């Protein structure tokens, strides 16, 4: 994503080399396809480029330009070689971290409407206006490009405040967004997901996905403690084993305080990870539809179902029963395709 930003700003007359050098950025990293930079570095470079361009809609314009490149990122090529728009979006969500892992889009179906929502992967860092605009603009542009401009967005939700001139947003999304929302989200009719791509080469698309999986494994072989601990917690919960912080700390031969400090450096607490693991497992079994609420509560380590109900509502804003009703029709058919764990 940084390389795309540099190309975008250079084409508009920005002396990106000077900005990179002033920030002691090793330009050789741009030639390393497996290199990744910290969020703070990206934000600083973004800020300085924005100051030079004097563009109040930098995020929108950057996202649109990146999306129009089409083959600018191999994820877009994977999408074009999927059978349906639904599979294309799932592939993008699956491998989105190969482009950027600052935010993570998720897909859910609610009352016949598809919702692509941005989730902040860094709990201690707010998503900036320009960044959320950039990712939403990128998603909207790519979806339009692979559907030959036929997809229709019904609603656009943006968390930041209303801007003086919203015409720029209307140009990108085809309609005026709803500002000051509690989410950053693109909404369109569920039927759009059934769109097919007649020229898609499915075997080529499959090979690209296999390559993406290998690349993801190379880049993200759990170098962070929160990732490793989340995996341990999920396994322990499913096996009915102890999930106390003492047990997990002993797994890494470290003290509880040392583990807590490591998690704090990454913007997490042990309780956040435990809730995250429990939430993910609860969502899985509720979407399965065949496990009783009381059994899920027992599996997650709650002494009473009422405690589980309270915790689940805190995680999702809904009770388990209300959640189940939103993803199942009256006949019991599942209408939710994916709810992200994160």
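Overall form of the range 141-218: prolate. Here a/c, set by the Cα gyration tensor axes a ≥ b ≥ c, is 1.5 or more, and a/b is the larger of a/b and b/c. Size of the range 165-256: Rg and Dmax of its alpha carbons, in Å, are 22.3, 57.
The alpha-carbon atoms of the range 265-323, seen along their principal axes, cover 39, 22, 17 angstrom, with the largest extent given first.
Name the shape class, rounded, prolate or oblate, that the alpha-carbon gyration tensor gives for the chain, where a ≥ b ≥ c are the square roots of its eigenvalues, rounded holds for a/c under 1.5, and otherwise prolate holds if a/b is larger than b/c and oblate otherwise.
Here the chain falls in the oblate category.
Relative to the longest principal axis of the Cα atoms of the chain, the long axis of helix 39-53 makes an angle of roughly 30 degrees.
Highest mean packing first, where packing is the average number of other Cβ atoms within 10 Å per residue, the peptides 62-68, 179-185 line up as 62-68, 179-185.
Return the Rg/Rh value of the range 55-217, two decimal places, where both radii are evaluated on C-alpha atoms and Rh is the Kirkwood radius. Don't skip to the answer; put the middle values down first.
Working: Rg = 15.3 Å, Rh = 16.1 Å.
In the range 55-217, Rg relative to Rh is 0.95.
What's the FRET efficiency of residue 10 with residue 203 using the Cβ-Cβ distance as r and R₀ = 56 Å, to the nearest 0.05? So, using R0 = 56 Å, E works out to roughly 0.95. Protection proxy ranking of 129-135, 24-30, by the mean of other Cβ atoms within 10 Å over each peptide's residues and highest first, is 129-135, 24-30. Between residue 304 and residue 119, full extension at 0.36 nm per residue minus the direct alpha carbon distance yields a gain of 63.5 nm. Spatial offset of the range 194-241 relative to the range 5-52 amounts to 28 Å, using the alpha carbon center of each.
In summary, the convex hull built on the alpha carbon positions of the range 1-69 has an orientation-averaged projected area of 4.6 nm².
Relative to the longest principal axis of the Cα atoms of the chain, the long axis of helix 202-219 makes an angle of roughly 80 degrees. Based on alpha-carbon atoms, the Kirkwood radius and the radius of gyration of the range 9-134 give Rg/Rh equal to 0.98.
Simple spin-label estimate for residue 211 and residue 159 gives 3.4 nm between the two label positions (7 Å along the Cα-to-Cβ direction from each Cα).
Residues 79, 99 in ascending order of nearby Cβ atoms (within 10 Å, fewest first): 99, 79.
Return a whole-number percent for the relative contact order of the chain, with Cα pairs under 8 Å and 6 or more residues apart as the contact set.
17 percent
Between helix 58-68 and the chain, what is the angle of the helix's C-alpha long axis to the longest principal axis, kept within 0 to 90° and rounded to the nearest 10? Long axis of 58-68 versus the principal axis of the chain: about 90 degrees. With R₀ set to 41 Å, the beta-carbon distance separating residue 242 from residue 39 gives a calculated FRET efficiency near 0.75. Using 1/(1 + (r/R0)^6) with R0 = 41 angstrom and r between the beta carbons of residue 150 and residue 260, what's the FRET efficiency to the nearest 0.05? Efficiency, from the Cβ-Cβ distance: 0.20. Remark: the Cα gyration tensor places the range 198-311 in the oblate category, a/c being 1.5 or greater and a/b not exceeding b/c.
Bear in mind these aren't lab numbers, they're just calculated from the coordinates by the rules spelled out. Everything numeric in this text was worked out from a predicted model, so none of it was measured. With ideal geometry, Cβ positions are generated from the backbone for all residues, glycine too; neighbour counts draw on all protein chains shown.
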